[in-house]
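A.B. asks: Take this structure first; my questions come after.
The values are calculated or read from the model by the stated rules, or taken from the named source; none is laboratory data. Every value quoted in this text rests on a predicted model; they were computed, and no experiment measured them. Neighbour counts run over all protein chains shown; Cβ positions are idealised from the backbone, glycine included.
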Amino acid sequence: MRILIIEDEIRAANQLQMMLKACDFHYHLLDIIDSIEDSVSWFKKNETPDLVFMDIQLADGLSFEIFQQVKVRAPIIFTTAFDQYAIQAFKVNSVDYVLKPIQRVDIQFALDKFLDSKETKQVEPEILKQLMQSMLSKTQRSGVLVKEGSGFIQIKVADLLYVYSDGGLTFGVSSTNRYIIEETLDKFYESLDSNDFFKINRGQIVNKNAIVKINPYFSHRVKLNVMHPRDQEFIVSRQKTAEFKKWMNT
């Protein structure tokens, strides 16, 4: 079985492969791709894989954009941290999904459904349009519960200058303090207002109001001067630089 993994988190891609092996699923990995741009290029240049595991939120946007640029004939099993309500349309369209954090039983169920099917499940454009509208229009949070001492307090999301992950923990930094957020960086980012916050790379989210200056950097990237940087450097990834500049212009 020839499979393709489209996932922008190396840890998640490795975890998925471990789960597939645990399910005794024999496969040949064609590639691991982390962006919409590279995915579109791959599908244009290569033969159709037997199965694709695709994360919904990639380094440069929602993976649904791939289907708007190239015809994908392979069956898809989506992996996502979005809640079940937002993706019920997948079941209507007979396209499977696995919620993160990935569990073996969920992978096994999706594989069984795929292997038992005699026809290729393809994603319908109208279903994708509905899903994108649903996810992009979700209610944005205004507060977040953070650790303080032996307890918790709630702070305003708008007060966070930036958020970053380090050593398996997620930290939020305001002008006065640094807090531990008990969510993964990706999960937290999904709840933020995309007009105010931008995930500049795999491990950092910045508040537009915290950006002081944008500087050119190596390999067509940019480096940011951010308020109260502590010991952090803020470098926008190559895949996200164009999108970041567009975001700053809005």
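A.B. asks: Among the listed residues Ile180, Ile153, Ile205, which satisfies the condition of being outside the structural domain of Gly61 (by TED's automatic domain parsing), buried (at least 16 other Cβ atoms within 10 Å of the Cβ), modelled with pLDDT of 90 or more and assigned to a strand (DSSP E or B)? Working first, answer last.
C.D. replies: Details: Ile180 fails: buried (at least 16 other Cβ atoms within 10 Å of the Cβ); Ile153 fails: buried (at least 16 other Cβ atoms within 10 Å of the Cβ).
So the residue among Ile180, Ile153, Ile205 that is outside the structural domain of Gly61 (by TED's automatic domain parsing), buried (at least 16 other Cβ atoms within 10 Å of the Cβ), modelled with pLDDT of 90 or more and assigned to a strand (DSSP E or B) is Ile205.
A.B. asks: A follow-up question, please. Kindly evaluate Ile211 against the criterion of being under 23 Å from Arg11 (Cβ atoms), in contact (Cβ under 8 Å) with a residue 24 or more places away in the chain and outside the structural domain of Glu37 (by TED's automatic domain parsing).
C.D. replies: No; evaluated as a whole, the condition is false for this residue.
A.B. asks: Could you tell me whether Ile32 is under 12 Å from Thr79 (Cβ atoms), assigned to a strand (DSSP E or B) and at pLDDT 95 or above?
C.D. replies: no
A.B. asks: Quick one: which residue in Lys113, Lys121 is touching a Phe, Trp or Tyr at 6+ places or on another chain (Cβ under 9 Å), among the charged types (D, E, K, R) and at pLDDT below 90?
C.D. replies: Working: Lys113 fails: touching a Phe, Trp or Tyr at 6+ places or on another chain (Cβ under 9 Å).
Just one listed residue meets the conditions, Lys121.
A.B. asks: Residue under question is Phe171, and the condition is that it be modelled with pLDDT of 90 or more and either buried (at least 16 other Cβ atoms within 10 Å of the Cβ) or in a helix (DSSP H, G or I) (or both); does it hold?
C.D. replies: When the stated conditions are applied, Phe171 passes them.
A.B. asks: Are there any pairs with C-beta distances below 8 angstrom linking a residue in region 223-250 that is among the hydroxyl-bearing types (Ser, Thr, Tyr) to a residue that is surrounded by fewer than 13 Cβ atoms within 10 Å (Cβ to Cβ) and assigned to a helix (DSSP H, G or I), with the two at least 6 apart or on different chains, and if so which?
C.D. replies: Thr241/His220
A.B. asks: Just to verify a result, which residue in region 39-55, among those that are outside any strand (DSSP E or B) and touching a residue at least 40 places away in the same chain (Cβ under 8 Å), is farthest from Ile235 (Cα to Cα)?
C.D. replies: Asp50
A.B. asks: Do we find a residue being outside the structural domain of Lys240 (by TED's automatic domain parsing), modelled with pLDDT of 85 or more and more than 26 Å from Thr241 (Cα to Cα) anywhere in region 86-97?
C.D. replies: No, the conditions are met nowhere in region 86-97.
A.B. asks: Inspect region 4-17 for any residue being at pLDDT 90 or above and charged (D, E, K, R) and give the result as yes or no.
C.D. replies: yes
A.B. asks: With out of contact with any Phe, Trp or Tyr (no Cβ under 9 Å at 6 or more places or on another chain), modelled with pLDDT under 75 and part of a helix (DSSP H, G or I) as the only criterion, which of Gln130, Gln68 stands out?
C.D. replies: Exactly one residue qualifies, and that residue is Gln130.
A.B. asks: Further, regarding this structure: Considering only residues that are of a type in the set (D, E, K, R) and at pLDDT 95 or above, look in region 212-232 and name the one that is surrounded by the most Cβ atoms within 10 Å (Cβ to Cβ).
C.D. replies: Ranking the candidates gives Lys223 first.
A.B. asks: Exactly one condition in (1) assigned to a loop (DSSP other than H, G, I, E, B); (2) farther than 16 Å from Ile102 by Cβ is not met by Phe25; state its number.
C.D. replies: Among (1) assigned to a loop (DSSP other than H, G, I, E, B); (2) farther than 16 Å from Ile102 by Cβ, Phe25 violates only (2).
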